[in-house]
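Everything below concerns the one structure shown next.
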Amino acid sequence: MAVKIKSYVLLGALSILLVYIGSLFGNDGMIIAFLIALAMNLISYFLGDKIVLSMTRAVKVSENQMPELHRIVSEVSVAAGVPKPDIYIIPSQSPNAFATGRDPSHSSVAFTQGILDLLDANELKGVIAHEMSHIKNRDILIATISATIASAITMIARMIQFAAMFGGGRDSNRSGNVFSVFAMLVFAILVPIAAALINLAISRNREYFADETGARIINNPFALAGALKKLARGVSSVPMNNANPSTSHLFIVNPFSSKSFLAIFSTHPPLEERIRRLENMNF
């Protein structure tokens, strides 16, 4: 029930933001934004996972293509008591992974090629257990909805920036040039802020809880702790700085380099603290 309430609150807040953006361009803009918000709510619920997977260029792989990965995912899904999710590969050497979908029966786990090359089987099992805990706890519903609507906000903001350059506001008698420049500045700031708000809507406690739950699923907190140590070094060496900030909160670790401007919008807890908690767990 708590997850559903969070989802409804998040949907409402994001929808209000979309409508507010439209209201800046008059009643017609507000109505259009409201209709877009309504459509995005439905689309994000039913198709949000497909959109997110498409945004990351993830490709579904069959058991024949990657039998060992499928075997480990099947083993962990049985231990977690959830249906086996679909498996996708992201063509990126930056090591990372995420889960998406609206419920355990409609879920997917995506791995970058980098994480498969970096981790051993035991560490990869720890990562999979972390993602399974997100699926089991239905965290992925909130994360997928937020990623999809955040992308819509970004798209609309960019469209308005483009429109502002060609005449700006709804009243041609006003200082069009001034309005255009002002609008461009506002929405240039709004885009990363929108992504940040989405990320902040996903609690850091969600990651801590997923770490703990995942460790208990496989009865081994050190597998994930070891994986996180490698991922910290791996992402630092090969960041995914071309990732969409609207989807960054989905990944098991922040995909951006710590030196990247986008890193300040991360809601991921410090890796050092996550590792410390895992290594101090009692069974």
**OP:** Could you run through region 46-98 and say how many residues are under 20 Å from residue 117 (Cα atoms) and touching a residue at least 60 places away in the same chain (Cβ under 8 Å)?
**Re:** 9
Subject >> Residues (more than 22 Å from residue 111 (Cβ to Cβ) and either of a type in the set (Phe, Trp, Tyr) or over 23 Å from the mean Cα position of the chain (by Cα) (or both)) located in region 34-84 >> reply: 34, 35, 45, 46
**OP:** Go over the candidates 51, 72, 21 one by one and state the one that is at pLDDT below 95 and farther than 19 Å from residue 250 by Cβ.
**Re:** 21
Original post:
Among the numbered criteria (1) over 19 Å from residue 206 (Cα atoms); (2) at pLDDT below 95; (3) surrounded by 24 or more Cβ atoms within 10 Å (Cβ to Cβ), which single criterion is violated by residue 115?
Top reply: (2)
Original post:
Are any residues in region 225-283 more than 23 Å from residue 140 (Cβ to Cβ), at pLDDT 90 or above and not in a helix (DSSP H, G or I), and if so, which ones?
Top reply: 238, 239, 280, 281
Subject >> All positions within region 102-142 that are among the small types (Gly, Ala, Ser) and under 17 Å from residue 61 (Cα atoms) >> reply: 107, 108, 110, 114
Subject >> Criterion violated by residue 74 - all others in (1) closer than 19 Å to residue 213 by Cβ; (2) of a type outside the set (Asp, Glu); (3) in contact with a helix residue (DSSP H, G or I) (Cβ under 8 Å, 6 or more places away or on another chain) satisfied >> reply: (3)
Original post:
Looking only at region 35-48, which residues are surrounded by fewer than 19 Cβ atoms within 10 Å (Cβ to Cβ) and at pLDDT 75 or above?
Top reply: 35, 39, 42, 43, 45, 46, 47
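The values are calculated or read from the model by the stated rules, or taken from the named source; none is laboratory data. Just so we're clear, the structure is a prediction, and the values are computed from it rather than from any experiment. Note that each Cβ is placed from the backbone with ideal geometry, even for glycine, and that neighbours are counted across all protein chains shown.
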